[in-house]
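Contents: one structure, followed by commentary.
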Amino acid sequence: MLKGIAASDGVVCGPVYRLVDPDLSCAPRSIKNLDYELTRFHQALDAATSEVETIKTRVTKNLGADGAQVFCHQISMLKDPELVKRVEQIINEQRLNAEVALSRAVEQLETVDQPLQDNPYLEERLTQLHQVTKRLTAHLLGVKLPDIALIDRPVILVAHELVSNEAFPTDMSNILGIITDLGGRVAHVSLLARAKGIPAVVGAQTATTQLRDGETIVMNGKLGNITLGPSSAELYHAKVTMAKQRANSAKLAEQPNHGTLTKDGVDVLLAANMETAADLPAIIQGGAEAVGLFRTEFLYMQTDSLPSEDEQFVAYRDILQKLAPRPVVMRTLDIGGDKSLPYQVAGQTENSFLGARAIRQSLAHQQMFRSQLRALLRASAYGNLNIMFPMISTLDEFRQAKAIYNDERSQLTAANIPLGQVHVGMMIEVPAAAILADRFAQEVDFMSIGTNDLIGYTLAADRTDPDVAYLYQPYHPAVLRLIDSIIRAGHAAGIPVAMCGEMAGDPIAVPLLLGMGLDEFSMGANELGRTRELIGQLKAHDLASLVETVLNSASTSQEVITMVQAVAPDVVK
């Protein structure tokens, strides 16, 4: 048994697919038959090109042509006459094996680009060249290079670590479950797994070394357990559980959507969090009444350069049109922390969670920010758009961002560009903003609580660090007091308060949030049916006293859990 951090509920069994690079080291060998070596190189070129073509086709199907752009560049590199010529020349002149000739040819190309290495475009070009070299070398050595985009059968994905850039651009239909050595419950890969309904265990430390490719395992994403060499009885139990999970998901999906009401008739808005257009079917099928968080950064993360204003406009417009008349909250670029771009907008910092991330990046790179705001404003004519600024810490930050927004809106209006009515709000993720929520509420159209970061900043715990995962406590009384004060401040100012963090779909948190009067719950599409069913079994008016008791009496997270379960033992599990 391996133990990790429970990241996404569900039990699965299936074969392991290790996303771990093989040993690609090779020593120089003197070649006698040059024709054979040249043929071997060209066969590897053909095989690698065919492989990348397959990946490009699959990614295009799931994410569109823009999402597959990076693979178009890799194909061009594989067909680059300069690269091919250099490798052939080294084989012929130095009589070296193709693997070493390839390595030396790439070193020569790197030297050519060395004077321009601070250029983000060229840095990304070198990154893609290294990817191409790795794939070619694997074919020359006759070893398998694992790739998420090439998975064509149901597997449990095992990796040392998965960043958003790696886990995102792929068809997840064959991923039964995810296991990583590193990571925490609120790392972005965990959020992605929950949004897609894929069971996950993270922070398992030695999974990549203890698990073998192809071996069958059982994984429990609710308990954080991984069973190696399961018995027949364990496999049977896992398969029965998987069948029940599928049946329950189908049942929830078939529920008619007549809004979301508590048992005593209080209407709440149930919304979905969204990464890309690929999430639309699940969001609509799940009965989302709105999109409470569209993470626009994924549009930036699936390309190898900043998307143009027109590219962004088309993407935003299409989403708004397909979801109309539902309101859609689009968050401006939120890069930093555990999310990075394939190209660098700014330099790295020692502590990325406290560095130039989110709105700080946008204000520091105003050309990029203005381009995004113009694209959003142009798209607003095609649906019900709200714009949200992330990680606001001070009123000055919000005012500066709002001034840039107003400036771009005025310019578009003067140019007779059709615009829709747009509400402008902010995420509250920083304790300073939570404490001053009453002041912010006077200047924003709405507030949305981003609990994933708010909890981490309040308890001083890096959400991606497994060593402090125990400190990530959504029910900590300090966190609950902050949330309650934010909701009260918003209502006192007459504006709605939403939550787009993981807590919004947490069965223990939902009764507390209802009792506090939260207006909108936004979560992964996979959690909509379960949360709607839970809300329908609770009486909002009876929960106000629970909130009062918790805020006044509870001193620990466990005490909060006990109090909630005592009030609603039949529905909160």
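Where the second residue is crowded, with 21+ Cβ neighbours inside 10 Å and modelled with pLDDT under 95 and the first is outside the structural domain of Ala277 (by TED's automatic domain parsing) and lies in segment 312-324, which pairs have Cβ atoms under 6 Å and are six or more apart or on separate chains?
Pairs found: none.
List the number of the failed condition for Asp9; all other conditions in (1) surrounded by 15 or more Cβ atoms within 10 Å (Cβ to Cβ); (2) of a type outside the set (Lys, Arg); (3) within 16 Å of Met172 (Cα to Cα); (4) at pLDDT below 90 hold.
That leaves (3) as the condition not met.
If you check Gly425, Gly420, which single one turns out to be assigned to a loop (DSSP other than H, G, I, E, B), in contact with a strand residue (DSSP E or B) (Cβ under 7 Å, 6 or more places away or on another chain) and modelled with pLDDT of 95 or more? Step through it out loud before you land on a result.
Details: Gly425 fails: assigned to a loop (DSSP other than H, G, I, E, B).
Criteria check complete, one pass: Gly420.
Is it the case that Asp118 is at pLDDT below 90 and of a type in the set (Asp, Glu)?
Working: at pLDDT below 90: yes; of a type in the set (Asp, Glu): yes.
Spelling it out, Asp118 is indeed at pLDDT below 90 and of a type in the set (Asp, Glu).
If I filter segment 338-350 for residues that are at pLDDT 95 or above, within 17 Å of Leu191 (Cα to Cα) and among the small types (Gly, Ala, Ser), do I get at least one hit? Outline the logic, then answer.
The initial filter retains those residues of segment 338-350 that are at pLDDT 95 or above, namely none.
Looking through segment 338-350, none of the residues is at pLDDT 95 or above, within 17 Å of Leu191 (Cα to Cα) and among the small types (Gly, Ala, Ser).
Going through Ala167, Ala200, Ala233, Ala149 one at a time, which residue ends up being modelled with pLDDT of 90 or more and either within 30 Å of Ala98 (Cβ to Cβ) or in contact with a strand residue (DSSP E or B) (Cβ under 9 Å, 6 or more places away or on another chain) (or both)?
Ala200
Just for strands (runs of 3 or more DSSP E) wholly inside segment 439-545: which have at least 1 residues that are of a type outside the set (Gly, Ala, Ser) and under 23 Å from Ile284 (Cβ atoms)?
497-499, 520-523
Would you mind listing the helices (runs of 4 or more DSSP H) fully within segment 359-415 where at least 3 residues are modelled with pLDDT of 95 or more and more than 23 Å from Phe440 (Cα to Cα)?
On the way: elements: 359-364, 366-379, 395-414.
In segment 359-415, 366-379, 395-414 are the helices (runs of 4 or more DSSP H) which contain 3 or more residues that are modelled with pLDDT of 95 or more and more than 23 Å from Phe440 (Cα to Cα).
If I filter segment 518-544 down to residues being farther than 27 Å from Glu275 by Cα and touching a helix residue (DSSP H, G or I) at 6+ places or on another chain (Cβ under 7 Å), which single residue comes out as modelled with the lowest pLDDT?
Taking the candidates together, the pick is Ala540.
Give segment 354-408 a look and list any residue that's over 18 Å from Met330 (Cβ atoms), in contact (Cβ under 8 Å) with a residue 40 or more places away in the chain and of a type in the set (S, T, N, Q), or say none.
Scanning segment 354-408 gives a single hit, Ser393.
The values are calculated or read from the model by the stated rules, or taken from the named source; none is laboratory data. What you see is a predicted model; the values in this text were computed from it and never measured. All Cβ positions, glycine included, derive from the backbone under ideal geometry; neighbour counts span all protein chains shown.
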